[in-house]
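The structure appears right after this line, and notes come after that.
The values are calculated or read from the model by the stated rules, or taken from the named source; none is laboratory data. Values in this document were obtained by computation on a predicted structure and should not be read as measured data. All Cβ positions, even for glycine, are placed from backbone atoms using ideal geometry, and neighbour counts span all protein chains on display.
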Amino acid sequence: MDPIGSVLNIAHILKRAYQLYTGCNDAPEEIRLASDHIHGMTLVLEGVHTDLIANPRSFVHQTSAQAKTRTANLKVHLNHCDGALKRMGKLLSKYQGWKRDGHVKMWDKFKWTTEGRKDIADAKVDIILATSMLDVFLSREALSVLWKIESMIEMLTRNFQKLELFQGTGPTQGTKRSRAGSNVTRTLVVGLVIARLKTSLANYRRRKLLRGGKKGGTTKPNPGPRRPKPISRVSSGFGQNKRRDTLMHSYASNLVSASNSRPRPERARTPSPDFYMIGGDPAPPYSPVRRSSSLNRILNQINAKAKQPTSPREYLECWRVGVGSLAIGLNTAPQFLQHRRGQVQLRKMASIFKDAAAGNPRALDERDKRVKLILDHRNGREKKKKSGKKWSLLAGVVVGRDAGRSGMVSVEKAMVIVVRR
């Protein structure tokens, strides 16, 4: 029996997510750009199914008041995911219907209308918001997957890009090395990511085993030498999921492909002077230039890069801002909750938020009180550090208004992406 209830069956939502992710491959560009976010939602939903639903030790199988509250919140997030998938599925069905009837031009007319642009942008925003809210909820349970994959991919990619410093420079040729188009770098990065994830899971299970059966999560101090006792292993309840492993592998591969730098052309190799003396051939009218030593070449390249002015790097962050209003007219203290994501995904999210804000009179700008609060909060820390950098608004979207269970406090929530320059 599904502990989430018969209203929302996680298997049904997962099936819809897989069908939509597969259907986006043959969809037009406007819908196909949302496939990355649908991929992320499918990965998060697989985590819910494996780590919560199929895990007998999770809170969804408990009967305490706190567990029931967390289960109710999980239902809300799953309902949001189901609604976002349905909305995007309607757009995909509309396109497939016109394509089946031979009226593909109808889609071209639809996407350029005001209503069509709004429907496409809002459907993408719903996918992002549903994925983000569910991922934030899982991060409180230490079950967040997206941030772990994206952060490790970016760290490993930066380390691999540092090796480009030692690549040769000089006259170029039109040909490339035979391994330029291979997947060696991608395979190495993905392999390292999977190894790190397996290590993290093993450490988590080890800590879970040490804390098992003790209140407060602390272990008793060792009183000293004593008679050894047999060790009893307690299962953490986590099971393997091959479908999630496949999703993680493809998700990491897509991130590596998106963050790879352009391949550099091969350095021209200068032949040896002895090459022209083979077989008694006369010497050429010119003497070939011998290659400089590798050490001099590396030093010259390091000095050339050191002289170039470094461009200011941008750093993005995503925050969920909430401002509560009491029934008597007073406002509560603002609440900030950071949603950790990779820089590549944050840029994609900001692009979709900007498309949704175009032509919307209620779009967020720097005059909004929620945006002012997060900017003042971040810029205040930069002033204390004396870094000389400043945070500004990149994109934002209104999440909605939460009236709460009692109705005494109404919270206006917004998701804001800020950039530091």
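Does the range 106-127 hold any residues that are touching a residue at least 24 places away in the same chain (Cβ under 8 Å) and in contact with a Phe, Trp or Tyr (Cβ under 8 Å, 6 or more places away or on another chain), and which are they? Steps first, answer last, please.
Here is the first cut: in the range 106-127, the residues touching a residue at least 24 places away in the same chain (Cβ under 8 Å) are 107, 111, 114, 117-127.
Trp107, Val125 - these are the residues of the range 106-127 that are touching a residue at least 24 places away in the same chain (Cβ under 8 Å) and in contact with a Phe, Trp or Tyr (Cβ under 8 Å, 6 or more places away or on another chain).
Can you tell me which residue is modelled with the highest pLDDT among those in the range 179-217 that are of a type in the set (Gly, Ala, Ser) and more than 28 Å from Met152 (Cα to Cα)? Reasoning before the result, please.
Step one: of the range 179-217, the residues of a type in the set (Gly, Ala, Ser) are 180-182, 191, 195, 200, 202, 212-213, 216-217.
Of the ones still in play, those that are also more than 28 Å from Met152 (Cα to Cα) are 212-213, 216-217.
On the way: Gly212: 61, Gly213: 50, Gly216: 52, Gly217: 51.
Among residues in the range 179-217 that are of a type in the set (Gly, Ala, Ser) and more than 28 Å from Met152 (Cα to Cα), the one modelled with the highest pLDDT is Gly212.
Checked against (1) among the basic types (Lys, Arg); (2) surrounded by 18 or more Cβ atoms within 10 Å (Cβ to Cβ); (3) not in a helix (DSSP H, G or I), Lys124 passes all but condition (3).
Gly89 meets the conditions (1) assigned to a helix (DSSP H, G or I); (2) under 30 Å from Ala142 (Cβ atoms) in every case but one. The failed one is (2). Of all residues assigned to the range 49-59, none qualifies as being surrounded by fewer than 21 Cβ atoms within 10 Å (Cβ to Cβ) and on the phi > 0 side of the Ramachandran plot.
Over 24 Å from the mean Cα position of the chain (by Cα), in a helix (DSSP H, G or I) and hydrophobic (A, V, I, L, M, F, W, C): is that true of Met133 in this structure?
On the way: over 24 Å from the mean Cα position of the chain (by Cα): no; in a helix (DSSP H, G or I): yes; hydrophobic (A, V, I, L, M, F, W, C): yes.
No, not satisfied.
Listed conditions (1) more than 21 Å from Arg16 (Cα to Cα); (2) of a type in the set (D, E, K, R); (3) touching a residue at least 60 places away in the same chain (Cβ under 8 Å) are all met by Asp51, apart from (1).
Does Arg87 qualify as being surrounded by fewer than 20 Cβ atoms within 10 Å (Cβ to Cβ), within 24 Å of the chain's Cα centre (by Cα) and of a type in the set (D, E, K, R)? Against the criterion (surrounded by fewer than 20 Cβ atoms within 10 Å (Cβ to Cβ), within 24 Å of the chain's Cα centre (by Cα) and of a type in the set (D, E, K, R)), Arg87 qualifies. The single condition among (1) more than 25 Å from Met155 (Cα to Cα); (2) assigned to a helix (DSSP H, G or I); (3) of a type in the set (Lys, Arg) that Arg362 does not satisfy is (2). For the range 374-401, the set of residues classified as of a type in the set (Val, Ile, Thr) and under 23 Å from Ala121 (Cα atoms) consists of Val397, Val398, Val399, listed by residue number.
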